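The values are calculated or read from the model by the stated rules, or taken from the named source; none is laboratory data. Small disclaimer: the values here were computed from a predicted structure and weren't measured. Cβ atoms come from the backbone with ideal geometry, glycine included; neighbour counts cover every protein chain shown. All accessible areas refer to the heavy atoms of the entire protein, side chains included, with ligands and DNA or RNA removed. Shrake-Rupley method; radii C 1.70, N 1.55, O 1.52, S 1.80 Å.
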Amino acid sequence: MIVAKITEQQAKDLTGVEFQDNSFFNPIQDANGNWFISLQELVYCTKEFASTVELIEYEPINNPIF
């Protein structure tokens, strides 16, 4: 799955910001420590913001179940 890589500061700035009625940005980190938002969320960002992100392959965090 392709996602939009953002900086830690961008993640802090976006967290909890409503982009559509009852829909909020929710940046998370992948297994490599990259902060990202989904491409669906990226659609609601400005063109200027979108032009600063890198599209990367999502690497899930593998947590073993005990």
So, in the range 1-32, of the ones that are assigned to a helix (DSSP H, G or I) and over 25 Å from Asn62 (Cβ atoms), which residue ends up most open to solvent (accessible area, probe 1.4 Å)? Lys12
So for the range 41-54 (the condition being at pLDDT 95 or above and touching a Lys or Arg at 6+ places or on another chain (Cβ under 7 Å)), does at least one residue qualify? yes
Ile56 passes all but one of the listed conditions (1) part of a loop (DSSP other than H, G, I, E, B); (2) hydrophobic (A, V, I, L, M, F, W, C); (3) touching an Asp or Glu at 6+ places or on another chain (Cβ under 9 Å); the exception is number (1)
Could you give me the residue pairs with C-beta distances under 8 Å whose first residue belongs to the range 33-46 and is open to solvent by 40 Å² or more (accessible area, probe 1.4 Å), whose second residue is among the hydroxyl-bearing types (Ser, Thr, Tyr) and not in a strand (DSSP E or B) wherever it lies, and which are 6+ apart or on separate chains? Trp35/Thr7
